[in-house]
Structures are given as structure tokens and as C-alpha cells.
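These notes concern the structure reproduced below.
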Amino acid sequence: MRYVYPFSAIVGQEEMKKGLLLNAINPRLSGILIRGEKGTAKSTAVRALAALLPEIEVVADCPFSCDPEDVTTMCVRCRQRREAGEELPRQRRKMRVVELPVSATEDRVVGTLDIERAIKKGEKHFEPGILAQANRGILYVDEVNLLDDHVVDVLLDSAAMGVNTVEREGVSFTHPASFILVGTMNPEEGELRPQLLDRFGLCVNIAGVTDPELRVEIIKRRAAFEENPQEFIRKWEKEEEKLRQQIVTAKELLPRVEISEEILYLIAKIAIEMGVDGHRADLVMMKAAKTMAALAGRTQVTEEDVKESANLALLHRMRRKPFQEMEMDHEKLQVIMGGAHAHRRN
Amino acid sequence: MSERVVYPFTAIVGQEKMKKALILNIINPRLGGVLIRGEKGTCKSTAVRALAALLPEIEVVAGCPFNCDPDDRVRLCPSCRQQLTANGKLPRARRRVPVVDLPVSATEDRVVGCLDFEYALRYGKPRFEPGILARANRGILYIDEVNLLDDHLVDVLLDAAATGVNIVEREGISYAHPAEFSLVGTMNPEEGELRPQLLDRFGLCVQVEGVEDPRQRVEIMRRREAFDADPLGFISRWAKAESELARQIAVARSLLTRVIIPERLMRLAVDLAMEALVAGHRAEVVLVAAARTLAAFAGRGEVAADDVLEAAELVLIHRARQAPPPPQQLEEDQEEPPKEGEEVEEKAQTREEETQHVPPEHKEPQEVEGKEGSSGKEELNERSSFPGAPQETVFAVGRPFAVRRIALRRDRILRKGSGRRSRTKTASRCGRYVRSTMHRQNNDLAFDATLRAAAPYQVHREKNGLAVAIEPSDIREKVREKRIGNFLLFVVDASGSMGAQQRMVETKGAILSLLLDAYQKRDKIGMIAFRGHSAEVLLPPTNSVEMGHRLLKELPTGGRTPLSAGLLKAYEVAKTHLRKDPHISPLIILVSDGRANVSMGEDKPLAEALRVAELIRDEERIKSIVVDVEKEGFFAFGLARRLAFALGADYYKIDDLKAEALVQAVREIIP
């Protein structure tokens, strides 16, 4: 097994870490895009997140990791078994992080005909692909902007529906494929298409740490990890456990988090005045703010939560002219929020 | 089909027009479907999926994969017809109108249907296995992101949609079955436009936008949250509204055949269609049908004028065309006949000075971004204090327009890479599987085709314990095809003559349009500018179209015209790129008026430029386009045209580049 650098040992990059944690707590945030130059711990953080992910209950022998409790999202086979009165075998396991390599072919992604079975037994059998594995887990795409266009189209299609519909090579099959899309990219190598961009719930821009002291700390930790990874991981285990516990607590708290009328109006106001396309931004901001409150152990969403989630949810949704740089207008956000404040006092 | 849990249709906040269009289409399937265009995150897909719950039941032949109508003897499938002649009647069943998903990753064989190899393996007989078009017969064919659909699938769809019959002639099967469906598609125009023929197939079209009212936005959030928290509870709370709407639809359906439309309103429909300059007659036919459906939905037996007007919004939006532009006025200040290229250049420069120093006389035709314009002028003033310094201005970028299709001709070379411009056979395995071949070269085995090839002989073959015996002669390989981006190399004339009459503003607008087009087609781009005495590579080959735009904005204009240097530089860059990637043909786009007046060597500038042009023409892998920016008039030189001839390039005026909505279908091929 490869050693994974502990999440809690990552220096700085607080926004990215927060974004990832929020997704681990609330899968409905539908993912995060991490944009930044090379060597800024993007991939390290995503891989490290896997160790922190909570456990989920799955149907033990289902290739799509169906939830035995939730009929609404089950695959056809699980549903049939349930309807036939069968007790579905259960299993608890960690949420998966499935990596989608940039070189992946469409076949591998959507799944394809099981050739062996076809030749030996003369029957058509669908062999699930990466999307099947990723159901109820995290689909991680490193260098997502370099992904082949066809694969991007397929991703868009199933990300939109939460379902992968396969109609290829004599197979016709549908299975659930709702996943948290986590992507990293280096904007120098080209931007992402807006449509795919919008599918990521949150987005962060990260840059290298500039504080010399922190930089030294990064080098020190990295060296310690490389020298003796086992020891390093052991040393950080306590921190990791703490974070893990925090996630579990937040997950439990989340359904009880309440959001006031005022806050909802604030969110709508931000979305309108910041000029974002569509309604996904509102929904994501609301969910992120709730999750943010849960992470902090609160059951009430505060304005601060909204502000933080606006930063994460709006960056990639700002309506920009075709070639504009992707930037967040913090001042404007401040004004909008301030305005809402003043309005309320009156 | 087991029902998925979907957000209820009636719980969708706002978007009344989209909802109306979808409902009309259920009431009257002959309207021919709906195209929903709109920005992302405006519940396009949610609405379509929610629609399934509202669909009425229809009478079908029990067990027929094509949902044949037992009462419609004309359009029966072959097996139903057989059954009818044998038994004299058909078994009946009732089922919901089917909604069939067509995923963008579908292969052609699944769409049209194919050989059932399972059956063939077991019984040694070929049998037709119905595909998506079969399932969609008498139902709705739903394509999410329809503009991303591959062209060859679009062809198949158009064919079936036009005739109502799906004819299969492949893999040794010959079959025809009814395939009448209404298309429902969603698309985000940012991702590229639809082909006009496909566009015309959609009876109705709606443009959706986000809701602006904060109260509604809050309501959207609240409902979505409630649905996510408890989907089944949410659905049951909306069940009453849903069944009420379903009832209303059922009533409208039965009323529809009895709705009449007065003669004068038919005239109104025709007038509206003509006013919108639509092509063909489909528009008014659909318009009248939609108006009648609207009346039926409102429970009226006669169409009112408002129905026609409301229907027009849905029917004409995607069919309306722009009026042809009025003939251009002759530029008045071009009265003196210049004689040779160099003089023209000087003349142009003096005129440019005039425009610069007496700005109020010349109103800038395009929106000029003030900041840049002024900084350009400051720079100009600063520089003009040095005697002999070249004068330069930074012109703003003109308004971009839609670009007609520019693609390279298809050939037999296998290529890697991706993009959306030119179609090519591809060597990578991620292209569309267009067909199989017996020709072995790629080891990309088409197992299904192989099995199909072997299947009919299995009964007679020695099995050796396997279920299937495959012989080398059965083996088939996949032939794949995909679109790839091209490498577009812009060669931009930034000399003083381009500054005359704000010509550069328009030119930059044209280049921007080409850049936007390049973005949608995922092209690689590069940019070279020439002015003064040399040419410069502003942008080495990159995928970042953004960079190209930034440079374009900052590109100053002024000085003489070293056309040959620019062309030579382009040749070098293209050659280097070819060495790296021999299969991607670079496309040089020369944007100039062709008035060369600086040479690198002893030759006359124009003669030299023509010589370099021939050099480029002789390298067959490099293609080129000349965009002539010279204004039409009595004294145009047509130098760019001569240059285009020498380059073996296609020649365009800026106006030729503009796509006119429906005429765009003619694919432009570069020789």
C-alpha cells in the first residue's frame, strides 16, 4: 500500500481544505474544482481526503454500491431483489475515491460489453466502468482540463442526471451514477468549458504559500514524511482522528441545521447582484452555508457562513466575457452583504 | 420501466414558457418536439424528466417493441402486420407514452438497432434487435445536451424524423419499422450551436433564463431543500397538483381535434411567419397547430388571436432570420485614385493621421472601449514628439459575430487528439465506433461485429467446448471517427494602412469572432503580427484562446507593411508545428489588405510576398485562408485576392465570414 500524506499535516491552503471537508460532510454539494499552479498540494489534499471519509452502508454484492435503505436511488437489480422480498446483504465500508485518468477511454468510463462472457456463454452482460465504481463516492479527475472532450460530454451527461445510461455496442443499460466530482487543474494549460465548470459545486483558486516561515514548515514536513512515512503518519494520527470525528459529528448535525428567511434572501440577493447564470449558485450557496454551520458545530446559519460559501460557490460562476480572467469580486460581495445589513437595521 | 424519483413538474417555480411548451407537446405530439435553450442551472433537464409523470396512456399492440398502434393499420411494424393477417386482430395493451433517453455517448448501432447476437449465437439465425428509435416510436426522444451529439447520430435522427420510418440496412439485416417520435432536447448555447436542419425539426423552442425575482429564488431554494430532505414526502404533497394537471391535459387532448381556427387567424399565422423571414413552410404549419393546442389547453373550441401570437413566440424564435443587410455606402473620402501599393500606403497613413488629430469628425462605428482608445492616443502623442517615430494606435475590438463553418476536408489519415472542428478517422480508441472493418491494423477489436460475423455459422462449426467458435476470418476491427480541433495560425496585418477608417476595429472584431469559434471547436491557436519592418510571433501555439484575445486587445497598429516577413514567419511556425504533430494540418488565417510595402530582400515587396505565398502553397499540409479587409470601392486594389490565389487559399471578405442562420448548413471546405 502506498503511504498517503495526512490531510491535517497540509500547511496552509485553508480554503481548499475547507472545500474538501464540506464535500465529505455533504455529498449534495456536488464536488469541488481546485484551480492552481503546479506544486500547490492539490493532488496531495484530494488523496489525503480519502483517509478522512466517513463510512457508508452499501449492498455488499452490488457493483454500484447501492444504498440498502434508499429505494429511490437503487439500481434495477437491487430493486428487483428487494421487491422479490430478498434481504439485501449489507456492508459498511469507506466512501471510495475513484480516479479518472486523463487517458481514460469512453468505454472504460461508461462501461462496456463483457466480451469474455459474451464469447464463452453467448450472453450479453454489461461490465460496469468507472462511473459505476464512483457511484456514491468521489470521482477524482486530475488535470480535468486536459480530459478528452468525449469523456467530458459523458461526465456532463451523468453528472446532470445522477444516472449513467449506456447505449453502446449492443448493450442497453442504466445504472445510478451520482458522485462527488473533484477536479484539479492548472489554468495555464487552458480553461474548462463553462458547462463542466458549473457542475462543480464549489471552486477554489489556490496559489503557493508566500510566508517564508510556512514554506520552511512545508519543506520540513515533507522531508519528515519522505524519510519515514509510517512514523510521520503515526505522529499525525491524533489530528486525523480529531478531524474524522469532526466530520462525523457535522454529518449528524447537518439535517438539523436551520436557515432563516433573512439568510435565504441574502443568498438570493448575492446571486442576483453578482450576476451568476442560473440557479445552481443559490442552491450550492445554501447547502454550503448549512454545511459550514454544521462543521462549526452550530445549528443556525450565520451571515459569516454565507459569506464564506459565496466565496467558494461563486468564483467559477461569475458571468464573464468570453475571455475574461476568472476572479472573485470580493469588494462587491462585501458591499452587497453590507447593504443587506444596513437594510435590515432600517 | 420502473419510475425514478423525480422532482414534480408542478413544483417547478417560474419558467412558465418552458412548462407551457412541454405541456403543449404532450397534448399534441404532432407539434414535433421542444428545444430548450438556456444557460446552465435553469432546471432544463429537471423539467423534461418531470414531464414523464404527466404523460397520458396510449393504446399499443401488446408485446410489440415498437409500440404499434392497433388502430392504425397503415403504420404497423412487419411483425404486427404478419400477426394481423394471420389472426385478423391484434392483442391490445395500454401503456404510458414512452420517454426514451438518448445519451450523447450512444453508438449508432444502439440508436438504429442491430443484429441480436445473443439470439444469433443461441439459434444460429440473425434477428433484428430494436434500438432507441424503436423504443421511441409514438413517444418522446429526449436528448440532454443535444448540441453535443455527434454528427453521424444527428444524421440518423434527421433521417428517421423526416420519414417517420427507421430503415436499417446493416450487418446482413434489412429491416424497416415505424419511428415517429417528438424530439425534446436541452442545450446550452455556450457549448456551440445546433445544425440548422436539426434545429428546424424541433417544432417549438424556448429560451430559458434564471429567475430574477428574489422571492422566487428563495422559493426555489426552499423547495429544492425540502425535496432533497424527503423526496417521497415532497412528491406526495404535490400529487394533487400533478393529477390535476394530468387531467387538464387529458381534457385538452380530447378537445384538440374539435378546435377550429378562423381563416383570418390562419392568415395572421402566415403573415407572422413571413415577417420572420423563415425558410420553408414548416413554421406556419407548426404555428397553426400550436395555436390550436393552446386553445385546447385553455378549454376553448376556437383559436383566438392571442393563441396565435403566443404560439408564434414558441415557433418562430429558432427559425427567424435576419433581414439581408442594406447595401454598403461608398466611402466618400476615397475619391483620389492611388497608383501603386506604396503610395496607397502613404496615403492611408496620412489619412490615419487626420483621423487621429481630428477625432470629432469621425464617429467611431463600433463600441470603442474608452480606456484603451485614450491610452492609445496618449501613446501616440508621446511618440509623435520624437521625429520619425512610427505612429501607432491601439484600436478597440469590434463586435464579434457568429462565424460560418470552416472545416478541413475529411481524409483517411488517422489522428490523435480531440476537438470539434474537423472530422477525421481516429487512431485513439475513444472516437465514435462508426463501423467495423475486416482490415486489421489497430488491434482495436470490434468484438460485437466479430461475434456477429461468426454467429450465423456456429451451428455448423466445431465448438471445442466453447459456446462460440471464432475463426480468424470472423475478426473485425472498429473504425472510429471523431472531430478534432485544428491548429489555427492567425497572421495579422498591424500596419498603418489597417488603421484607416477604423478598419482595425472591424478587423479585430472579425478575429475575435474566429477566436470565439476556435474556442467552441477546441482549436489550438497561434498568432503572428507584422508591422514596421518585421513580423513577430505574439502567441506560440497554445490551447489558451484567452491569451489570444488579450493580445488582440493590446495589439497596436501603425507603420509599414512587411507582408512577406509575416508570411515567412507563419511558414516557419507552421512547419515547426508539423514536425511536432505531423497529422494536424495547420490553417493559416491571413488577415490583411495585401498592400505590402516593405521587403526583406531586393525584390519589390509585393513580388516577394507572392513568392513566399507560393512557398506556403507548395507545402501541401499547410492550408490557408485570406481574410481581405480592404473596403469595397472604386479604387480597391484586390491585392489580397491575388495573394489568396498565390497561396492557393480561400478568399473571404469579412462579411463572408458571417454565418447567416439557416444557410450555414453548407459546409465550407478548404481546398
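Residue count for the stretch A:50-63 satisfying the condition of being open to solvent by less than 10 Å² (accessible area, probe 1.4 Å) and under 15 Å from residue A:179 (Cα atoms): 2.
Yes/no matrix, rows are residues, columns are (1) at pLDDT below 80; (2) open to solvent by 10 Å² or more (accessible area, probe 1.4 Å); (3) in contact with a Phe, Trp or Tyr (Cβ under 7 Å, 6 or more places away or on another chain):
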site: B:530; (1), (2), (3): no, no, no
site: B:553; (1), (2), (3): no, yes, no
site: B:556; (1), (2), (3): no, yes, no
site: B:562; (1), (2), (3): no, no, yes
site: B:568; (1), (2), (3): no, yes, no
site: B:573; (1), (2), (3): no, yes, no
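Does residue B:232 meet the test of being within 14 Å of another protein chain (Cβ to nearest Cβ) and modelled with pLDDT under 90? So residue B:232 fits the description; yes. Screening B:63, B:38, B:88 for residues that are small (Gly, Ala, Ser) and within 29 Å of residue B:205 (Cβ to Cβ) leaves exactly one candidate, B:38.
Take residue B:87 and tell me if it is more than 30 Å from residue B:211 (Cβ to Cβ), open to solvent by 30 Å² or more (accessible area, probe 1.4 Å), over 23 Å from the mean Cα position of the chain (by Cα) and more than 10 Å from chain A (Cβ to nearest Cβ). It is true that residue B:87 is more than 30 Å from residue B:211 (Cβ to Cβ), open to solvent by 30 Å² or more (accessible area, probe 1.4 Å), over 23 Å from the mean Cα position of the chain (by Cα) and more than 10 Å from chain A (Cβ to nearest Cβ). All of (1) more than 17 Å from residue B:560 (Cα to Cα); (2) in a strand (DSSP E or B); (3) modelled with pLDDT of 80 or more hold for residue B:539 with one exception: (3). Of all the listed residues (B:42, B:10), the sole one being of a type in the set (Ser, Thr, Tyr), open to solvent by less than 20 Å² (accessible area, probe 1.4 Å) and within 26 Å of residue A:158 (Cα to Cα) is B:42. Set side by side, the residues B:201, B:195 differ, and just one is among the charged types (D, E, K, R), touching a strand residue (DSSP E or B) at 6+ places or on another chain (Cβ under 8 Å) and in the same structural domain as residue B:10 (by TED's automatic domain parsing), which is B:201. Just so you know, in the stretch B:480-498 the residues that are at pLDDT 75 or above and out of contact with any Leu (no Cβ under 8 Å at 6 or more places or on another chain) include one that is nearest to residue B:535 (Cα to Cα), and it is B:495. The set of residues in the stretch A:264-286 being at the interface with chain B (Cβ under 7 Å from one of its Cβ atoms), closer than 17 Å to residue A:201 by Cα and either basic (Lys, Arg) or surrounded by fewer than 24 Cβ atoms within 10 Å (Cβ to Cβ) (or both) consists of A:277, A:278, A:280. Of the residues in the stretch B:550-565, at least one is within 14 Å of another protein chain (Cβ to nearest Cβ), without any contact (Cβ under 8 Å) to a residue 40 or more places away in the chain, out of contact with any helix residue (DSSP H, G or I) (no Cβ under 9 Å at 6 or more places or on another chain) and of a type outside the set (Lys, Arg). Are any of the residues in the stretch A:125-135 within 24 Å of residue B:47 (Cα to Cα), out of contact with any His (no Cβ under 7 Å at 6 or more places or on another chain) and at pLDDT 80 or above? The answer is yes; a qualifying residue exists.
Comparison of B:209, B:225, B:180, B:193 shows that the only residue that is open to solvent by 10 Å² or more (accessible area, probe 1.4 Å), within 30 Å of residue B:284 (Cβ to Cβ) and at the interface with chain A (Cβ under 10 Å from one of its Cβ atoms) is B:209. Residue by residue through the stretch A:205-221, note down the ones that are of a type outside the set (Asp, Glu), assigned to a helix (DSSP H, G or I) and touching a residue at least 40 places away in the same chain (Cβ under 8 Å). Passing the criteria: A:214, A:218, A:221. Of all residues in the stretch B:135-150, those satisfying the criterion of being open to solvent by 20 Å² or more (accessible area, probe 1.4 Å) and either of a type in the set (S, T, N, Q) or under 17 Å from residue A:167 (Cβ atoms) (or both) are B:135, B:150.
Restricting attention to the stretch B:257-280, does a residue exist that is at pLDDT 90 or above, among the small types (Gly, Ala, Ser) and assigned to a helix (DSSP H, G or I)? No, there is no match, as no residue in the stretch B:257-280 is at pLDDT 90 or above, among the small types (Gly, Ala, Ser) and assigned to a helix (DSSP H, G or I).
The residue of the stretch A:224-257 that is most open to solvent (accessible area, probe 1.4 Å), among those that are within 11 Å of chain B (Cβ to nearest Cβ) and either touching a residue at least 60 places away in the same chain (Cβ under 8 Å) or not in a helix (DSSP H, G or I) (or both), is A:254. In this structure, is residue A:38 in contact with a Leu (Cβ under 8 Å, 6 or more places away or on another chain), at pLDDT below 85, open to solvent by 70 Å² or more (accessible area, probe 1.4 Å) and not β-branched (Val, Ile, Thr)? In short, no. Looking only at residues in the stretch B:212-221 that are within 7 Å of chain A (Cβ to nearest Cβ) and either over 19 Å from residue B:238 (Cβ atoms) or open to solvent by 70 Å² or more (accessible area, probe 1.4 Å) (or both), the one that is farthest from the chain's Cα centre (by Cα) is B:214.
Residues of the stretch B:135-148 being in a helix (DSSP H, G or I) and within 26 Å of the chain's Cα centre (by Cα), which ones? Once the filter is applied, which keeps residues that are in a helix (DSSP H, G or I) and within 26 Å of the chain's Cα centre (by Cα), the stretch B:135-148 yields B:146, B:147, B:148. Of all positions in the stretch B:14-25, none carries a residue that is within 17 Å of residue B:314 (Cα to Cα) and touching a Pro at 6+ places or on another chain (Cβ under 9 Å). Among helices (runs of 4 or more DSSP H) entirely within the stretch A:1-108, having at least 3 residues that are within 14 Å of chain B (Cβ to nearest Cβ) and on the phi < 0 side of the Ramachandran plot singles out A:76-83.
If you check B:76, B:24, B:51 for being farther than 29 Å from residue B:297 by Cα, open to solvent by less than 60 Å² (accessible area, probe 1.4 Å) and either modelled with pLDDT under 85 or not polar (S, T, N, Q) (or both), only one passes: B:76.
The values are calculated or read from the model by the stated rules, or taken from the named source; none is laboratory data. Given the structure is predicted, the values throughout are model-derived calculations rather than measurements. Note that each Cβ is placed from the backbone with ideal geometry, even for glycine, and that neighbours are counted across all protein chains shown. Note: areas computed on protein heavy atoms with side chains; ligands, DNA, RNA excluded. Shrake-Rupley method; radii C 1.70, N 1.55, O 1.52, S 1.80 Å.
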